[in-house]
1. In nm, what is the difference between 0.36 nm times the number of residues separating ARG48 and ALA60 and their Cα-Cα distance?
2. Ignoring ligands, DNA and RNA, please state the percent of accessible area on the chain from carbon and sulfur, probe 1.4 Å.
3. Once both labels are modelled 7 Å past Cα along the beta-carbon direction, what's the ARG236-GLU25 spacing in nm?
4. Among GLY129, ASN63, GLN11, whose Cα sits farthest toward the positive end of the charge dipole of the chain (+1 at Cβ of Lys/Arg, -1 at Cβ of Asp/Glu, about the Cα centre)?
5. Over the stretch 39-127, what is the percentage of antiparallel beta bridges among all DSSP beta bridges, to the nearest 5?
6. Keeping every protein chain in place, order TRP205, TRP182 by accessible area at 1.4 Å, biggest value first, i.e. largest first.
7. Under a crude label model (7 Å from the Cα following the beta-carbon direction), how far is LEU179 from LYS32 in nanometres?
8. Keeping all protein chains in place, calculate the accessible area per residue for the chain (probe 1.4 angstrom), answer in Å².
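The values are calculated or read from the model by the stated rules, or taken from the named source; none is laboratory data. Source: prediction; values computed, not measured. A quick note on method: Cβ atoms are made from the backbone with ideal geometry, for glycine too, and the neighbour counts reach across all protein chains shown. Just so you know, the surface numbers come from the protein's heavy atoms only, side chains and all, with ligands and any DNA or RNA stripped out. Shrake-Rupley method; radii C 1.70, N 1.55, O 1.52, S 1.80 Å.
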Amino acid sequence: MGAAIGAVLRQRGIDVLWASAGRSEATAARAKSAGLTEVESIGMLAQRANVILSVCPPHAARNVASAVGEFDGVYVDANAIAPATVREIGGGFERFVDGGIVGPPPRDSPTHLYLSGRNAERVADIFTGTNVDARVVSDEVGAASAVKATYAAWTKGSAALLLAIREVARAEGVADTLLAEWRESIPSLEDRLASAERSAQAKGWRWVGEMEEIAAAFAAVGAPDGFHRAAADVFRGYERMF
């Protein structure tokens with residue numbers, strides 16, 4: 001996702017930096033393909049950049065922000081984290097924008113980037129005319145992350161539920177019967193199950209932290225958080241594939 005967003009900005013003629021220290025050959029290849037400019041460290045990136053966009057697995061969001069250190073520009077946290085988490089991270093920056101990404105990487109179809117915070121409009125302007133549809137929610141940090149959390153609570157949460165249901169049916173020896181009933185009475189579910197399986201195999205390891213952040217968002221407002229803690233357990237069963 002990060003490389004794809006960087007490529008979109010490069011198409012606008014914007015110089016996009018990336019920090020190579022500690023990154024894999026696969027990451028380097030994606031950055032090169034996207035036309036990004038390499039700098040050695042996050043510290044060097046912070047010295048040169050006007051805007052930093054953090055797009056990483058949810059469990060790494062705090063560490064990435066901490067690694068930036070002193071930064072005079074606008075820091076955008078566009079990770080799938082709870083509103084409370086993003087407010088905590090935002091407290092370390094003078095100019096901070098909360099972001100939430102919905103959709104696939106911006107290649108063949110637009111990606112929605114929800115933004116909130118006092119500098120949200122400035123960040124949205126960077127993406128004008130690109131395949132990233134930047135949408136300002138409000139000037140309150142946490143609002144964009146709330147949109148992302150509640151959206152993914154259904155899309156990825158329901159995927160985890162389907163995977164768990166399938167495992168119970170298998171354990172009881174009725175998986176084929178269940179699938180046959182779905183084909184007859186809820187025909188869309190078989191395709192959704194197949195899609196959930198493919199996605200979990202490719203990206204389930206990243207969704208563990210996201211489900212935990214969604215659970216925290218639910219708990220913070222007094223809603224039951226067990227749904228998404230269970231979803232985290234489901235995705236925890238899918239090892240990282242690369």
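1. On the way: separation 12, 0.36 × 12 = 4.32 nm, distance 2.24 nm.
Working it through step by step, the gained length comes to 2.1 nm.
2. Numbers: 6550 of 12840 Å².
That share works out to 51 percent.
3. 3.3
4. GLN11
5. Details: 5 of 13 bridges.
So the antiparallel bridges in the stretch 39-127 amount to around 40 percent.
6. Values: TRP205 45, TRP182 20 Å².
I get TRP205, TRP182, largest accessible area first.
7. Taking the two extended label points, one gets 4.2 nm.
8. With the other protein chains kept in place, the chain gives 53 Å² per residue.
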